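The values are calculated or read from the model by the stated rules, or taken from the named source; none is laboratory data. These numbers were taken from a predicted model, which means no experiment stands behind them. As a convention, Cβ positions derive from the backbone with ideal geometry for all residues, glycine included, and neighbour counts pool all protein chains shown.
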Amino acid sequence: MSEDDVAAASKVSSESSPWPVSRLSATLKDWIERLGMLWIEGELASIKIGPSNMFGELRDLQLENSVSIHSWNTVKIPKDLKQGDRVLALIKPAFWPKGGKLTMQVFEMRKVGLGELLERIERLRTQLTTEGLTSPERKKPLPFLPNKIGLITGKDSDAEKDVLQNARLRWPDVDFRVIHTLVQGDKAAPEVIAAIKELDSDPEIDVIIIARGGGSFLDLMVFSDEGLVRAAAAAQTPIVSAIGHENDRPVLDDVADLRASTPTDAAKRVVPDVADELHKVSQYRQRNYLRIDSIITGQEAFLEQIRSRPIIANPHLLIDDKSLEIERWVSQIWNQVDQYLVRESMHISHLAQQVRSLSPQSTLDRGYSVIRDASGHVISDSNSITTGQKLQVRLAKGQIDVTAD
């Protein structure tokens, strides 16, 4: 106790002035009765109903906590209540100073029926849907071939045998890590939650199966526990729900990444069948062979078609055709050149004839001569010649020098 607590206590009691037990009892009774009336839920650990009174013990649904209960009026208490029933009770804490005993006085009690349980489950289902925890978009895909599978199930249960046997029949080398938990009752939910968290934290686990081989609606209530359902939704590892209950399915089926109808179905959905996979591989290989053969056959036909074309069958044909064409063009060019040369030769000859006819030489050939002075100028007027002037006389053949008299 701290010094402050001691100081506070000294105001009402002290070593020199202690409280009597009766005052302590009266004070406790006063404090407890301030709590008033309230509704609680639990399981009847024991009950004894008389004509006008009832005594028993009410236990918590999950923890090892219990309280004594009593009633002096059994009008609002069902007569068929028995040990193990789940009940709602309107109580008021009562402290008995004489014996220092605390009990809960019951004013009304009723069984938690299936209708109420179903209503609770539907409210939880609606709430989870509103939060998006049941949305298909958030569901994680299962691995094709998991490295190791986590299995949460009851010890020595048929569900465990079904999952292990069917999985190993499909893939003999499949590896499991099994955690045994309670799968019904009030203590089951905490164990399953702890198992989910343990497997989810294991890096070797690729998928988790939660399996139970069916059962009554009340037996499967644990798989609609809000804490368990939220733990499954928060897991990073894909969760497979294999509760095996088609009607009134538990809420775990809604938030799980995959719902299997039975534990056997879970094994088939999680583990691929080695025989089927080998058959698929064989089919794929055969399809590939046929496809490749079809492509090769088509390409061979295409190449054969190309080879049958004239230009490919006789590569020199094009050259020969072009060679003949070139020869024709060359022959035409030579003919045109010859014609041009003949025509131009005749033209030149004609021009030469004209030139010859107009040439001074032809005039000289007819006996004429040309007189030029010493500077080479032609003298066409005799008056321009002086006596003793040196002149040149051009004849048809040759030239003579003369002096004018």
Spot the failing condition for residue 336; the list is (1) assigned to a loop (DSSP other than H, G, I, E, B); (2) surrounded by 10 or more Cβ atoms within 10 Å (Cβ to Cβ), and only one is missed. (1)
Since residue 315 meets every condition but one in (1) more than 30 Å from residue 302 (Cβ to Cβ); (2) under 60 Å from the mean Cα position of the chain (by Cα), which condition does it not meet? (1)
For helices (runs of 4 or more DSSP H) lying entirely in region 185-279, having 1 or more residues that are over 29 Å from residue 112 (Cβ atoms) and out of contact with any strand residue (DSSP E or B) (no Cβ under 8 Å at 6 or more places or on another chain) picks out 263-270
Of all residues making up region 199-235, the number that are free of Cβ contacts under 8 Å to residues at least 60 places away in the same chain and polar (S, T, N, Q): 2
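Yes/no matrix, rows are residues, columns are (1) in the same structural domain as residue 233 (by TED's automatic domain parsing); (2) over 31 Å from the mean Cα position of the chain (by Cα):
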position	(1), (2)
137	no, no
160	yes, yes
166	yes, no
176	yes, no
182	yes, yes
186	yes, yes
191	yes, yes
202	yes, no
208	yes, no
Subset of region 173-184 that is touching a helix residue (DSSP H, G or I) at 6+ places or on another chain (Cβ under 9 Å) and not in a strand (DSSP E or B) - its residue that is surrounded by the fewest Cβ atoms within 10 Å (Cβ to Cβ): 173
Out of 137, 116, report the one residue that is at pLDDT below 90 and in a helix (DSSP H, G or I). 116
